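Engineer: Quick one: the structure is below, questions incoming.
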Amino acid sequence: RTEKLEDYLNRFVHLTPEQAKELYDKLTSLNIPRLKDEHIHKIIDILPRDADDVKLILQGFVINVTKDNSQKIVDAVKDFLPAKK
């Protein structure tokens, strides 16, 4: 149980305000159609690790992005993820 809990908690990365602002700017500069501020904030909150995670996050907003754009989002986010142990 403890190991599962630790894995679960480690999935949630806390960014500093400066890092969050930098990631916001990076995601905004991608100019992805239909991607609004609220979507970007949710992406920053969750920090998806792959294109499927991006798809799941945006499904809640009833927005679809192409696989190419999903991969662009993942590539932008991966610089802010901690290294795997």
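The values are calculated or read from the model by the stated rules, or taken from the named source; none is laboratory data. Please read these numbers as outputs of a predicted model, since none were measured by experiment. Reconstructed Cβ throughout: ideal geometry from the backbone, glycine too, with neighbour counts over all protein chains shown. What goes into the accessible areas is simple: the full protein's heavy atoms, side chains included, and nothing from ligands, DNA or RNA. Shrake-Rupley method; radii C 1.70, N 1.55, O 1.52, S 1.80 Å.
Engineer: Let me have the relative contact order for the chain, percent, based on Cα pairs under 8 Å that are six or more residues apart.
Structural biologist: So the answer I get is 34 percent.
Engineer: Ok, one more. How big, in percent, is the set of alpha carbon pairs in the stretch 42-85 lying more than 11 Å apart? Intermediate values should be presented prior to the final figure.
Structural biologist: Working: 594 of 946 pairs.
In whole percent, the long-distance tail amounts to 63.
Engineer: If I model a spin label as a point 7 Å beyond the Cα along the Cα-Cβ vector, how far apart are those points for ALA20 and HIS41 in nm?
Structural biologist: So the label points at ALA20 and HIS41 sit 0.9 nm apart.
Engineer: Could you work out the per residue convex hull volume over the alpha carbons of the chain, in cubic angstrom?
Structural biologist: So the per-residue Cα hull volume is 99 Å³.
Engineer: Can you pull the accessible area of LYS21 for me, 1.4 Å probe, Å² to the nearest 10?
Structural biologist: Rounded to the nearest 10, the figure is 110 Å².
Engineer: Something else about it: Run the accessible area of the chain with a 1.4 Å probe and give the carbon-and-sulfur part as a rounded percent.
Structural biologist: Carbon and sulfur: 52 percent of the exposed surface of the chain.
Engineer: Kindly report the accessible area of the stretch 1-53 per residue (heavy atoms of protein chains, probe 1.4 Å, no ligands, DNA or RNA), in Å².
Structural biologist: On the way: 4120 Å² over 53 residues.
Normalised by residue count, the accessible surface of the stretch 1-53 is 78 Å².
Engineer: Same structure, new question: Roughly how many Å² of SER70 are accessible to a 1.4 Å probe, to the nearest 10?
Structural biologist: 10 Å²
Engineer: Which pairs in the list LYS26/LYS72; LYS55/LYS78; LYS21/LYS55; LYS4/LYS42 are over 20 Å apart, alpha-carbon to alpha-carbon? Write down the numbers at each step before the final one.
Structural biologist: Numbers: LYS26/LYS72 10 Å; LYS55/LYS78 16 Å; LYS21/LYS55 22 Å; LYS4/LYS42 24 Å.
Check vs 20 Å cut-off fails for LYS21/LYS55; LYS4/LYS42.
Engineer: Of all chymotrypsin sites (Phe, Trp or Tyr not before Pro) in the stretch 1-77, which ones are in loop regions per DSSP and have a Cβ with at most 14 other Cβ atoms within 10 Å?
Structural biologist: Counting only loop positions with at most 14 other Cβ atoms within 10 Å, the chymotrypsin sites (Phe, Trp or Tyr not before Pro) in the stretch 1-77 are PHE12, PHE61.
Engineer: Quote to one decimal, in nm, the extra length available between THR2 and LYS55 on full extension: 0.36 nm per residue of separation minus the C-alpha distance between them.
Structural biologist: On the way: separation 53, 0.36 × 53 = 19.08 nm, distance 2.95 nm.
Using 0.36 nm per residue and subtracting the Cα-Cα distance, I get 16.1 nm.
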